[in-house]
1. Only residues that are among the aromatic types (Phe, Trp, Tyr), under 16 Å from residue 147 (Cα atoms) and at pLDDT 85 or above: list them for the range 186-201, please.
2. Run residue 152 past the list (1) in contact (Cβ under 8 Å) with a residue 60 or more places away in the chain; (2) more than 20 Å from residue 181 (Cα to Cα); (3) buried (at least 17 other Cβ atoms within 10 Å of the Cβ) and report the number of the one that doesn't hold.
3. Which members of the range 333-382 meet the condition of being assigned to a helix (DSSP H, G or I), more than 15 Å from residue 275 (Cβ to Cβ) and open to solvent by 30 Å² or more (accessible area, probe 1.4 Å)?
4. Taking residue 258, is it over 30 Å from residue 170 (Cβ atoms), modelled with pLDDT of 65 or more, outside any helix (DSSP H, G or I) and not aliphatic (A, V, I, L, M)?
5. Going through the range 159-178 one residue at a time, which ones are open to solvent by 70 Å² or more (accessible area, probe 1.4 Å) and either within 19 Å of residue 64 (Cα to Cα) or modelled with pLDDT of 90 or more (or both)?
6. Looking at 80, 75, can you tell me which residue is open to solvent by less than 30 Å² (accessible area, probe 1.4 Å), under 30 Å from the mean Cα position of the chain (by Cα), at pLDDT 85 or above and within 17 Å of residue 226 (Cα to Cα)?
7. Looking at residue 88 and the list (1) surrounded by fewer than 18 Cβ atoms within 10 Å (Cβ to Cβ); (2) farther than 23 Å from residue 205 by Cβ, which single condition is not satisfied?
8. Go through the range 195-236 and count every residue that is surrounded by 13 or more Cβ atoms within 10 Å (Cβ to Cβ) and aromatic (Phe, Trp, Tyr).
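The values are calculated or read from the model by the stated rules, or taken from the named source; none is laboratory data. Keep in mind it's a predicted model, so treat the numbers as computed, not measured. Cβ placement follows ideal geometry from the backbone for every residue including glycine, while neighbour counts extend to all protein chains displayed. Note: accessible area is taken over every heavy atom of the protein model, side chains too, but ligands, DNA and RNA are not part of it. Shrake-Rupley method; radii C 1.70, N 1.55, O 1.52, S 1.80 Å.
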Amino acid sequence: MMNPWKLASRRFRSNASYQWRALRTVIDWTVGLYIVIPAFLLGLKFYLEWVQNPVLPEILSSVNNLWIYPFLLPLFFARLRTWAEPGDILFLRQRPAWVRGFVGFGLMELSIRQLLSFGMITILLLPLLFKGFGFSQSMVALLLIWGYTLSLLHALIRNRILVQFAGIRRVLVGWLWNLLLIVMFRFMTAYIIQHPFLFGCALVGVLLFIMLLAYWRVRVMYTFERDVDLELETKMKLTGILLRQAVDTKQRKRKGSQPLLFRRSGYLYKVKGPGQQIGAIGVKTLWRSSSHMIFYSQLTGVGLIAIVLCSGALAALGLIVFPVLCVILGVWLNMYWRELVDSDVWNMFSFDGTQLSIASLHFATVNAVLPGLLWGLACGFMTQSVGMGLLYGAIGVFAAMFIARVVMTLIGYKRKEHKEVEETSETTSS
């Protein structure tokens, strides 16, 4: 027999599956292979090295109570969900007790999620807390309990603000509470975890507020419509963020305005021949596509971080990572070029195979300049002096251009019509 807890757990599983499908839509095998997995492996490598010698950089060691700030992330991401849907109004009038079941499941889910979040952050920071700041085991336990209870209080108060207030009052009260929470967590935590009696008094006060707010949240009925709106907003938040990066957003242009890049449909320099003109069109198409430019900048930024980290650990490792990043860049540029030339708009025109070959090389060469420059500068600055860094930047530009052209040539690309013509000519000759 169906009950509110079973229905809420079914919605929890359905929501988890929906969020996973949304992630899979954006993080395909190329993003996972070229960005997610290398970033995870590099992060794991440097974390294991840091565990053996947890020493902070000099610029960070001067910050007071630096260990507090990582705990702000799970604290402010605490959210209470009631798992209500619009269609529930049809039977909740007859079974109002089901509302309490939904809210009870939401409170349990919140408690488990926040315990796992704070536990994971605490485990990751244990080497720094013990060796870097001289924490004892009891202080770490008090820190975990204090942050966990404050996150529950924050979730309940934030939920009450969202369902009780509207308009500018909701914004002002929300910002006021966030400021109060930061001050309370920042200045109270470092002091009370060293004084168990004060910690016990503060913990009893926080638990009392949590019990009162949880009792109100379970008993209240008139917030159903606002709960449904919050649920829909929370469910679609991740999807909205991912789609904002994956889909081009057409911006409204003011009368007489011109784009920032390539004004009046110009180009970086004067091109010669139809092949370079076609390549210039491809370059402008890429740089005017917001979704592809986001990925292009992310790839450049991740490569820059990888170069800095690898060169800082071992100079030769940075020189090994650089050509690998250039190969990844060349493969992605080839994939974009295939997608572009096979699009419906480009299929309306006929191009010569030689012209497309020249255009593809021009496209790869121009788009490899910026990543090659930044990666070369980073490698030079981390391993040599400033003057050598500039030389490394120049060498990086030519190296990236060469590798991108080689990758584009080796993978190659021919339109379907060109392949059919070649197959027909081979069949006729044979």
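1. Residues of the range 186-201 among the aromatic types (Phe, Trp, Tyr): 187, 191, 197, 199.
Now restrict to residues that are under 16 Å from residue 147 (Cα atoms): 187, 191, 199.
The answer is 199, and nothing else.
2. Failed condition: (2).
3. The answer is 335, 338, 339, 347, 348, 369, 370, 373, 374, 377, 381, 382.
4. On the way: over 30 Å from residue 170 (Cβ atoms): yes; modelled with pLDDT of 65 or more: no; outside any helix (DSSP H, G or I): yes; not aliphatic (A, V, I, L, M): yes.
Judged against the criteria, residue 258 is not a match.
5. Of everything in the range 159-178, those that are open to solvent by 70 Å² or more (accessible area, probe 1.4 Å) and either within 19 Å of residue 64 (Cα to Cα) or modelled with pLDDT of 90 or more (or both) turn out to be 160, 172, 175, 176.
6. From the options 80, 75, the qualifying one is 80.
7. (1)
8. Here the count works out to 3.
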